[in-house]
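The values are calculated or read from the model by the stated rules, or taken from the named source; none is laboratory data. This is a predicted model, so every value here is computed, not measured. As a convention, Cβ positions derive from the backbone with ideal geometry for all residues, glycine included, and neighbour counts pool all protein chains shown. Accessible surface is based on the protein model in full, side chains and every heavy atom, while ligands, DNA and RNA are left aside. Shrake-Rupley method; radii C 1.70, N 1.55, O 1.52, S 1.80 Å.
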Amino acid sequence: MANTASIEIDGKKHEFPLVEGTENEVAIDITKLRSATNGVITIDPGFKNTGSCESGITFLDGEKGILRYRGYTIEELAEKADFLEVAYLLIFGELPTKEQNDKFHEDIKAQAVVDEDVKKILDAFPKSAHPMGVISSLTSALTAFNPSSVNVDSEEDMYRSVVKILGKFPVLVAWTFRKKEGLPLDYGDNSLGYVENILKMMFKKPNSEYKQNEILVNALDKLLILHADHEQNCSTSTVRIVGSSHAGLFASLSAGISALWGPLHGGANQAVLEMLEAIKLDGGDTKKYMAKAKDKEDPFRLMGFGHRVYKNFDPRARIIKKAADEVLGDLGVVDPILDIAKGLEKEALEDAYFVDRKLYPNVDFYSGIIYRAMGIPTDMFTVMFALGRLPGWISQWREMRLRKEPIGRPRQVYIGATERKFVPIEER
Ligand code: SDX
């Protein structure tokens, strides 16, 4: 392949270099386009064809359904690693040795306490507040209680911020959940594993011992791994662009949480369960919802289906679908919603509208079924997604800052009114 691309504008040819990644992805480097062509730019709403950066963190191939974190396949990591190992891998680039992993966990535990005054902020929210709005606010508030900004060029300063947020965020998640449930705000137990502790902080009843359930621990650990990163998705791009102004890590993460909240993105896992519930209430009439999804006049979309990048099965959906069967089986839960989901999936995979548009189940289609079996309420599903995505956001923010990427400031093509004279109000 030639190593340049040529673009002809007004009869003049311009050459631009091609860059190629380690997985043979090719991009046209247009950093000189505007200056070389006297102001011509590209335009690409939704950035479907535009790369925002070079990154060495996550590789995915949407056509082949491949997903790897730092070169390790998602299938191997979900099977053989635990969430904290994967967090370390994403953020620092290598799987930790046992010593590194143990120290990482110890340092996170040392940070797993949140300033009591944060409870005053939590108390200010009505019980009806959506947990994503609460957790985004509490994450931003962490900046007030931990004002020292991160010196990304200092390994030790960055490490300190990483363990701080990995320690405190699960506490905020648990407090957000317990506040809504009317339960006292609890701390976990530093003798427990990272995921065991999350479950205990969330579900321990004030008047009884909390008994760990290995099935739930393993299921949540796997779900968090599967959600840990996904290259330049909407919320990660948000974290990167907010961080590119040199806003702090916690402020950038808070922005990412808000982006994830949208039903087209992380909010889809909640929307999937609401859709499946509606179908169940409708007597399981999946055909009606398939017709709605295909009707251009109807804004309804088949939630949990389709993906900007995957035009094949989302590899995470395969793993989660298998885990849903296992977890519900192990827990002895019979959930008609799972059967409706499988029926819907089968119909969609045989329907020309979905097949032609390469719309397959994505990560959000089955995850809610497991969360529900674990006793997590629907409006907390996207918070659980954020809990998993946290190390991915941190790793992408750190990479962007270490590579000294410029502040994100896209151009536009103006289509508004051309110059006109001001008209005094009396004459309008
Ligand atoms: C996540 O980017 C990531 O990596 C995200 C994520 C991550 O880990 O960070 O993977 C997590 O956000 C997964 C996606 C969760 N969202 C949903 O499940 C919501 C339902 N899906 C869609 O809204 C949609 O598929 C998107 C938003 C996910 C992708 O939209 P695109 O890439 O912009 O595709 P599009 O809207 O241009 O759709 C192409 C065609 C259109 O039809 P035509 O105009 O060609 O006739 O497919 C249709 C769309 O109408 N379509 C759907 C559909 N998704 C796309 N039709 C019905 N139901 C759907 N779900």
In whole angstrom, how long is each semi-axis of the equivalent ellipsoid of the chain, when you take the square root of 5 times every eigenvalue of its Cα gyration tensor and sort them from largest down? 36, 29, 24
How many percent of all Cα-Cα pairs in the stretch 72-186 sit more than 20 Å apart? 50 percent
Separation between the E209 and S148 pseudo-spin-labels, each 7 Å from Cα along Cα→Cβ, expressed in nm? 4.0 nm
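Probe radius 1.4 Å, ligands and nucleic acids left out: which of I108, I215, I415, I425 has the largest accessible area, and how do the rest follow? Present the calculation step by step, with values, prior to reporting the outcome.
Details: I108 5, I215 50, I415 155, I425 115 Å².
The ranking, largest first, comes out as I415, I425, I215, I108.
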Rg/Rh of the stretch 303-344 (Cα atoms, Kirkwood Rh), to two decimals, equals 1.03
Please compute the modelled spin-label separation between E79 and D29, points set 7 Å along Cα→Cβ, answer in nm with one decimal. 3.9 nm
If I model a spin label as a point 7 Å beyond the Cα along the Cα-Cβ vector, how far apart are those points for A2 and N49 in nm? 1.7 nm
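Express the carbon and sulfur contribution to the solvent-accessible surface of the chain as a percent, rounded to the nearest whole number, probe 1.4 angstrom.
Values: 11230 of 21350 Å².
Its accessible area is 53 percent carbon and sulfur atoms.
Select from the stretch 91-163 those GluC sites (Glu not before Pro) which occupy a DSSP coil region and have at most 16 other Cβ atoms within 10 Å, ordered by residue number.
On the way: sites: E94, E99, E106, E116, E155, E156; in loops: E94, E116.
Here the GluC sites (Glu not before Pro) that fit, given the DSSP loop and packing criteria, are E94, E116.
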Note down the relative contact order for the stretch 80-175 as a percent, whole number, built from C-alpha pairs under 8 angstrom at least six residues apart. 35 percent
Quick check on packing: order 270-278, 49-57, 82-90 by the mean number of other C-beta atoms within 10 Å, highest mean leading. 82-90, 270-278, 49-57
Suppose only helical runs count, i.e. DSSP H with n ≥ 4. What mean residue ellipticity at 222 nm does that imply for the chain under -39500 (n - 2.57) per run, divided by all residues and rounded to the nearest 500 deg cm²/dmol? -16000 deg cm²/dmol
Here the gain from full extension of I41 to D285, 0.36 nm per residue of separation minus their alpha-carbon distance, amounts to 83.0 nm
The distance between the Cα centres of the stretch 266-281 and the stretch 67-82, in whole Å, is 28 Å
Across 5 Å bins from 0, what is the distribution of all Cα-Cα pair distances for the stretch 291-410, in whole percents? 2, 9, 15, 18, 17, 13, 11, 7, 4, 2, 0
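Using only the C-alpha atoms of the stretch 1-134, find the volume of their convex hull and express it per residue in Å³.
Normalising the Cα hull of the stretch 1-134 by residue number yields 238 Å³.
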Added length on full extension, which subtracts the Cα-Cα distance from 0.36 nm per residue, T97 to A110: 2.7 nm
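Looking at the chain, do any whole DSSP H helices span at least 30 angstrom along their long axis by alpha carbon and average -1.0 or above on Kyte-Doolittle, and which? Before the final figure, lay out each step's value.
On the way: long enough: 155-181 (39 Å, -0.23); 381-402 (32 Å, 0.23).
Membrane-span-like by this criterion, though nothing is claimed about a membrane: 155-181, 381-402.
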Looking at the stretch 265-351, which trypsin sites (Lys or Arg not before Pro) are in a loop (DSSP not H, G, I, E or B) and have at most 12 other Cβ atoms within 10 Å? K296
